[in-house]
1. Take Asp90 and decide whether it is among the charged types (D, E, K, R) and over 11 Å from the mean Cα position of the chain (by Cα).
2. Restricting to strands (runs of 3 or more DSSP E) lying wholly in the range 33-150: which have 1 or more residues that are at negative phi and without any contact (Cβ under 8 Å) to a residue 40 or more places away in the chain?
3. Determine if the range 76-90 includes at least one residue that is of a type outside the set (Val, Ile, Thr), under 17 Å from Trp48 (Cα atoms) and open to solvent by 10 Å² or more (accessible area, probe 1.4 Å).
4. If Glu46 meets every condition in (1) of a type in the set (D, E, K, R); (2) more than 16 Å from the ligand (Cβ to nearest atom); (3) in contact with a Phe, Trp or Tyr (Cβ under 9 Å, 6 or more places away or on another chain) apart from one, which number is that one?
5. Consider Val13 against the criteria (1) over 12 Å from the mean Cα position of the chain (by Cα); (2) under 19 Å from Thr126 (Cα atoms); (3) within 16 Å of the ligand (Cβ to nearest atom): it satisfies all of them except one. Which criterion is unmet?
Amino acid sequence: MSTDTALLPLLEVVRAHSADPELLDRLDPAPEDRTWARILATPEVELWLIAWPRGAATDWHDHGTSAGAFTVLRGTLTEHTFDGGLQLHDLAAGQARAFGPGYAHDVRNHGNEPALSLHAYSPRLTTMTRFRFRGDRLEVLGVERAGEEW
Ligand SMILES: [Fe+2]
């Protein structure tokens with residue numbers, strides 16, 4: 001988890017909302033594909049709930065100019081990051097990660113069970129850049145835009 005104090009409010013946002021027991025019933029707990037629902041949107045922040053079957057992956061992407069945070073509600077997720085070397089961060093239920101603008105990762109459910117996670121972005125997501133991991137670098141594949149790709 002980042003120690004950048006500017007990221008702490010988003011961690012608090014996801015942690016505060018993750019206490020809502022109704023979140024666990026908002027999405028199919030055993031989906032065939034990764035599914036998501038936006039559960040809150042204000043001018044400053046948006047919250048997304050994501051359900052992950054075993055083996056699901058976001059593939060490599062960033063979040064444009066948005067900062068973000070996410071926490072696992074059920075199951076386990078593994079965040080892959082690259083800063084010259086590939087790093088894997090395993091997250092069990094209750095654990096969280098936070099990041100600043102331009103941060104790239106690939107989040108995967110390597111676990112044996114479906115997972116559920118809660119994600120906050122501030123400001124609201126407007127673009128996401130997609131990448132291909134080349135082993136020694138991330139190669140840009142394209143840019144997705146809110147209202148078009150999601
Ligand atoms: Fe992401």
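The values are calculated or read from the model by the stated rules, or taken from the named source; none is laboratory data. The structure presented is a predicted model; accordingly, all values stated were derived computationally and were not measured. Here Cβ is always computed from backbone atoms with ideal geometry, including for glycine, and neighbour counts include all displayed protein chains. Areas reflect the complete protein model, heavy atoms only, side chains present, ligands, DNA and RNA absent. Shrake-Rupley method; radii C 1.70, N 1.55, O 1.52, S 1.80 Å.
1. yes
2. Passing ranges, in order: 35-41, 76-82, 86-92, 138-145.
3. No, every residue in the range 76-90 fails to be of a type outside the set (Val, Ile, Thr), under 17 Å from Trp48 (Cα atoms) and open to solvent by 10 Å² or more (accessible area, probe 1.4 Å).
4. Glu46 satisfies every listed condition except (2).
5. (2)
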